[in-house]
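Quick notes on the structure that follows.
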Amino acid sequence: MQASELPRAVAAALSTASSLGLTADDAIVLHDSNKLTLRLLPCDVLARVAPVARQVARFEVELARRLAASGCPVAALEPRAEPGVHERDGFVVTLWTYYAPVTPREVPPADYADALERLHAGMRGLDVPAPRFTDRVGQARHLVADRDRTPALADADRELLGDTLRGLGRMIGERSGAEQLLHGEPHPGNVLATKDGPLFIDFETCCRGPVEFDLAHAPEEVGAHYPGVDQDLLRACRILVLAMITAWRWDRDDQFPDGRRLGIKWLGRIRAALERNGPDARG
C-alpha cells in the first residue's frame with residue numbers, strides 16, 4: 001500500500017472495528033503489500049484493508065466462510081462481528097480471527113501437504129466462478145510485454161520470461177488432466193502455523209487448474225507428501241510459477257519488499273531450471 005494511504009487505512013480499520021462493538025485503540029502492522037494486514041488491540045482482531053478499487057473481498061469472505069463451514073483448514077472470520085465487507089473512506093475492511101504464532105512457525109512438509117489436500121477436497125465441492133490458471137499466466141505475459149510497466153527489464157530477460165510463460169502455460173494447460181478450484185497462491189506466507197494446525201489465508205487469487213499448480217507454490221518437500229502427484233507436471237509448474245512471480249517483481253509499481261533484488265535472483269533460478277530440465281522445459 002502506498003505510504004500516503006497508510007494512516008487512512010489504519011484509521012478505517014480502527015473505526016470499522018469500533019462501529020461493530022469491538023474495542024480497537026491501536027493497530028500493529030503485520031504485513032503491507034497490495035493489502036494491509038493489521039492486528040487491532042486490545043480486541044485482538046486481524047483486519048485486512050485494501051483500496052476499494054483493488055480488491056475482491058466479497059468473493060474472499062464468502063469463499064472462506066463456506067470452506068470453514070465444511071471443515072477445511074482455513075482462517076476464520078472474526079466471530080464477534082457481523083461477517084462481511086465493510087467500506088470506509090475509500091477502503092474495504094474485513095475482520096478475521098487473530099491466531100497467535102506458535103513455535104516453530106515453519107509448518108512440517110507432511111502437515112503442509114495434508115492441510116493442502118484437505119483444502120483441495122473441500123474446494124472440489126464448491127461451484128463458484130473463478131478464472132483458469134492460464135488467465136493468471138496471461139496477466140504475467142501482458143506485464144512482461146508492456147515496456148512502460150516493466151521499463152527496467154532487459155531485453156534478454158524479457159524474452160526469457162515471455163517465452164517461458166507462453167510455452168509452459170500452453171504445455172501445462174494441454175497436459176493437465178482433472179482441474180478444480182485452487183487456492184492460487186498457497187505459499188508459506190499464506191499458511192498460518194497455529195495450535196490447531198496449519199490454516200490457509202488469502203483467497204483472492206483462486207483459480208481453476210491442476211493441483212500441481214498449487215503445489216508449485218509450496219516448498220519442494222511438500223510435493224513428496226501429497227498423494228497422486230504428477231511429478232513431471234509439478235516440475236513444469238514450479239518453473240511457470242517462478243516466471244510469474246518474477247514478472248511481478250519487475251512491475252514499476254511493485255511494492256514487494258526487496259522486490260527488485262529478488263527479481264534478479266529469480267531470473268537466474270529460471271535459467272538454471274531450464275538448463276537442468278532440458279530444451280523442452282519451456283514447452
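Trypsin sites (Lys or Arg not before Pro), restricted to segment 166-254: which are DSSP loop and have at most 15 other Cβ atoms within 10 Å? Walk me through the numbers before you get to the answer.
Values: sites: Arg166, Arg170, Arg175, Lys195, Arg208, Arg235, Arg238, Arg249, Arg252; in loops: Lys195, Arg252.
Sites meeting the loop and neighbour criteria: Lys195, Arg252.
Residue separation of Gln180 and Gln139 scaled by 0.36 nm, minus their Cα-Cα distance, works out to 12.8 nm of gained length. By the Cα gyration tensor, the chain has an equivalent ellipsoid whose semi-axes, rounded to whole angstrom, run 33, 23, 16 from largest to smallest.
For segment 70-176, what is one quarter of the convex hull surface built on the Cα atoms, given in nm²? Kindly include the intermediate steps, with their values, before the conclusion.
Working: hull surface 47.4 nm².
The orientation-averaged projected area of the Cα hull of segment 70-176 comes to 11.8 nm².
May I ask for the Kirkwood hydrodynamic radius of segment 103-226, worked out over all distinct Cα pairs and given in angstroms to one decimal? Hydrodynamic radius (Kirkwood, Cα pairs) of segment 103-226 is 15.9 Å. Close amide-amide hydrogen proximity is noted between Val45 and Leu40, each under 5 Å apart and 5 or more residues distant or on a separate chain (H modeled in the peptide plane; Pro and chain starts excluded).
Using a Gaussian network model of the chain whose springs link C-alpha atoms within less than 10 Å, name the residue from Thr97, Thr246, Thr37 with the highest mean-square fluctuation. It is Thr97. Between Asp232 and Arg158, the C-beta separation translates, for a Förster distance of 41 Å, into a calculated FRET efficiency of about 0.90.
Rounded to the nearest 20 Debye, what is the dipole magnitude of the chain about its Cα centre when Lys and Arg each give +1 and Asp and Glu each give -1 at the C-beta?
On the way: 35 positive and 41 negative charges, 86 e Å.
Magnitude of the dipole: close to 420 debye.
Computed from point charges on the beta carbon alone (+1 for Lys and Arg, -1 for Asp and Glu), the dipole magnitude for segment 100-179 about its Cα centre is near 160 Debye. A straight chain from Arg170 to Thr103 at 0.36 nm per residue would run longer than the Cα-Cα distance by 20.0 nm.
In angstrom, the C-alpha Rg and Dmax of segment 1-123 are 15.1, 43. Solvent exposure of the chain amounts to 47 Å² per residue of accessible area, where only protein heavy atoms count and the probe is 1.4 Å.
Charges were assigned to the Cβ only: +1 to each Lys and Arg, -1 to each Asp and Glu. The resulting dipole of segment 1-159 about its Cα centre is roughly 280 debye. Tell me, how many Å apart are the Cα centres for segment 167-201 and for segment 17-82? Measuring centre to centre over Cα atoms gives 21 Å. By DSSP, the beta bridges lying fully in the chain are antiparallel in about 95 percent of cases. A Gaussian network model of the chain, with springs between Cα atoms under 10 Å, assigns the largest mean-square fluctuation among Asp32, Asp232, Asp254 to Asp232. Spacing of the modelled spin labels on Ile264 and Ala76, each 7 Å from Cα toward Cβ, amounts to 4.7 nm. Computing Rg and the Kirkwood Rh from the Cα coordinates of segment 144-283 gives a ratio, Rg/Rh, of 0.97. Apolar share of the accessible surface for segment 85-140: 48 percent from carbon plus sulfur atoms, 1.4 Å probe.
Positive-end ranking of Tyr226, Leu77, Ala156 along the dipole of the chain, with charges on Cβ about the Cα centre, is headed by Ala156.
Dipole orientation for segment 6-135: of the candidates Val61, Ala17, Pro129, Pro129 has the Cα lying most toward the positive pole (charges on Cβ; Lys, Arg +1; Asp, Glu -1). In this label model, Arg8 and Leu30 are separated by 2.5 nm, measuring between points 7 Å along each Cα→Cβ vector.
The values are calculated or read from the model by the stated rules, or taken from the named source; none is laboratory data. Predicted model, so just to flag it, every value in this text is computed and none were measured. When we count neighbours, we look across all protein chains shown, and the Cβ atoms used for this are built from the backbone with ideal geometry, even at glycine. Only protein heavy atoms, including side chains, enter the accessible area calculation; ligands, DNA and RNA are left aside. Shrake-Rupley method; radii C 1.70, N 1.55, O 1.52, S 1.80 Å.
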